[in-house]
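The values are calculated or read from the model by the stated rules, or taken from the named source; none is laboratory data. Predicted, not measured: the structure shown is a model, and the values here were computed from it. Here Cβ is always computed from backbone atoms with ideal geometry, including for glycine, and neighbour counts include all displayed protein chains.
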Amino acid sequence: MKRITIVAALLAVFTLSANAQEEEQKFEYRRSSLATIMLDTHDGTLEEKPEIKKVVVDTYNAKPTPDKYNDHNIDTRSIDINSLPTATADEIKAVDEKKKDAEFVARLMKYFAKEHVANKLIAKWFEVTPEKNEAGEHYTINLITERGLAGFTAEEVAAAKQAKGGENNLINGALEDLVPRTFIAVTRYSFTSAEEIMAIVLNPVIINNLTSSNVLLQKAAEIAIAKFKKAYQGYFVTTKTYLFQLDWNMETTFPAFESYMGKGDVAGFMNSDEFKIKYVGTTSKFAPACMTLSFDDKSAALIERATLRSTDAVIAKLQKEYDVFKTLAPIYVEGNEITALIGMNEGVEPGDKFEVLELRIDPKTGKMAEPKVVQKISAIKGKIWDNRAGAEAEAAEKGVKEGEENAATLGKTYFKGNAKKLMPGMFIRQVK
């Protein structure tokens, strides 16, 4: 099978990247790539309150890609639900007809195929253009080189250069490691009342027990609902995200891409049906926004905060539920303290367990070697950084009781573990 060969012009990129990593290599690593798209479903409450919808939409549009992923956004940033093709019963069944959102997923899959979204994601990786570039090609491997070299030490780069085909192996390894880890997160928003949230969150049995002839069951249900109503009041921004992944492999997809590029057939590639998107999963989260539907500057700020928090929370939940979407974070060790720059925004809760990993990329193959698990650590209660949107302002409003630590100003999350076995350059990954 033909493999991409690094042209002379790209050797400079290789050298510059290696030098830059000499200083920051312990913080760099091969990240997954993410494209984010908003699905406008014309939710009733949002449609009734265009000023609220504008805050949600503007907040989404201004929100950067989570820093644990490479930004891989394409020209499609928003989809109107009315533009989605209708899904057949067989197409819905192919997703999972038992799931409530199977029809949405099937319609999105059909939309991706019709609009050749997989082709657009691949085109971004290779910077495909209709006109030939300075190297006489319709594509480059600059982006793959840049992202593929992340995490290499100067020593590994030098070793790769000396090995037979080392430089090309690094890039081909990046193609195998990185391109398949390209995701699309399609998010829909709704403005939901506490009563609607209760119907979703509370066990239906509890609600049904309100009318039970059993006095004890009825009383228990009343207490549970009273507690819920005390904790959840007003309106919430509810976020549901559908996660998809580029279907890419070096055996079939890559040769197909090479074939089109070899012929200079950019139009043929961009309109080809050979490149696909696959479905990973769906999940949802919500965050409190405001007490009433009335709108003013204060409620606008609260709605913006809720939109940011629910969006981050749903991404964190997807990471917990789907291993393929998990991210890494570098650890910091100072004396006996183990910390990381993650927190509540990433869904970290007291007692959550993480693997400490020693990462290594084989310079001869260019692929990530199997990570070595050094030990497991756990998040310490009361030492979890509240890095959610607006956390510091919220803490200032509520005030901090004497003797309590302000989670919003911790700046990092602390973990329980054996610090003596750890060192800079290691990473952590959450485990179930």
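A single member of 331, 342, 315 is surrounded by 15 or more Cβ atoms within 10 Å (Cβ to Cβ), of a type in the set (Val, Ile, Thr) and in contact with a helix residue (DSSP H, G or I) (Cβ under 9 Å, 6 or more places away or on another chain), and it is 315.
Within region 235-258, being surrounded by fewer than 17 Cβ atoms within 10 Å (Cβ to Cβ) and not β-branched (Val, Ile, Thr) holds for 247, 249, 250, 251, 255, 256, 258.
Residues that are buried (at least 17 other Cβ atoms within 10 Å of the Cβ) and either within 18 Å of residue 247 (Cβ to Cβ) or β-branched (Val, Ile, Thr) (or both) within region 81-106 comprise 91, 92, 95, 105, 106, listed in sequence order.
Scan region 237-273 for residues that are small (Gly, Ala, Ser) and under 26 Å from the mean Cα position of the chain (by Cα) and the total you get is 0. All of (1) among the hydrophobic types (A, V, I, L, M, F, W, C); (2) surrounded by 20 or more Cβ atoms within 10 Å (Cβ to Cβ); (3) out of contact with any Cys (no Cβ under 7 Å at 6 or more places or on another chain) hold for residue 302 with one exception: (3).
Got a sec? Which of 211, 241 is of a type in the set (S, T, N, Q) and either over 30 Å from residue 119 (Cβ atoms) or at pLDDT below 85 (or both)?
Details: 241 fails: either over 30 Å from residue 119 (Cβ atoms) or at pLDDT below 85 (or both).
Residue meeting the stated conditions: 211.
In region 187-195, the condition of being part of a helix (DSSP H, G or I) and out of contact with any His (no Cβ under 8 Å at 6 or more places or on another chain) is met by at least one residue. Number of residues in region 361-374 that are over 20 Å from residue 179 (Cβ atoms) and exposed (fewer than 14 other Cβ atoms within 10 Å of the Cβ): the value is 2.
For region 48-63, enumerate the residues that are part of a loop (DSSP other than H, G, I, E, B) and more than 20 Å from the chain's Cα centre (by Cα).
Passing the criteria: only 49.
Identify the residue in region 413-424 that is part of a loop (DSSP other than H, G, I, E, B) and not hydrophobic (A, V, I, L, M, F, W, C) and, among all such residues, is modelled with the lowest pLDDT. The residue in question is 424.
Pairs, please: C-beta under 8 Å, at least 6 apart or cross-chain, first residue assigned to a loop (DSSP other than H, G, I, E, B) and in region 386-412, second of a type in the set (Lys, Arg) and at pLDDT 90 or above? Once the first residue is assigned to a loop (DSSP other than H, G, I, E, B) and sits in region 386-412, its partners that are of a type in the set (Lys, Arg) and at pLDDT 90 or above give 388/309; 389/305; 389/309; 390/305; 390/309; 405/383; 410/383. Pairs linking a residue in region 362-377 that is free of Cβ contacts under 8 Å to residues at least 12 places away in the same chain to a residue that is part of a loop (DSSP other than H, G, I, E, B), with Cβ atoms under 6 Å and 6 or more positions apart or on different chains, are 369/360; 369/362.
Looking for something modelled with pLDDT under 65 and within 24 Å of the chain's Cα centre (by Cα) - is there at least one such residue anywhere in region 26-36? Within region 26-36 (the criterion being modelled with pLDDT under 65 and within 24 Å of the chain's Cα centre (by Cα)), the answer is yes, since at least one residue qualifies. Can you spot a residue in region 307-315 that is more than 23 Å from residue 408 (Cβ to Cβ), modelled with pLDDT of 95 or more and within 23 Å of the chain's Cα centre (by Cα)? No, because not a single residue in region 307-315 is more than 23 Å from residue 408 (Cβ to Cβ), modelled with pLDDT of 95 or more and within 23 Å of the chain's Cα centre (by Cα).
Rundown of residues vs (1) more than 24 Å from the chain's Cα centre (by Cα); (2) among the basic types (Lys, Arg); (3) at pLDDT below 90, yes/no style:
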{"position": "328", "(1), (2), (3)": "no, no, no"}
{"position": "361", "(1), (2), (3)": "no, no, yes"}
{"position": "364", "(1), (2), (3)": "yes, yes, yes"}
{"position": "373", "(1), (2), (3)": "no, no, no"}
{"position": "377", "(1), (2), (3)": "no, no, no"}
{"position": "385", "(1), (2), (3)": "no, no, no"}
{"position": "398", "(1), (2), (3)": "yes, yes, yes"}
{"position": "411", "(1), (2), (3)": "no, no, no"}
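Answer yes or no as to whether residue 95 is assigned to a helix (DSSP H, G or I), at pLDDT 90 or above and on the phi < 0 side of the Ramachandran plot.
no
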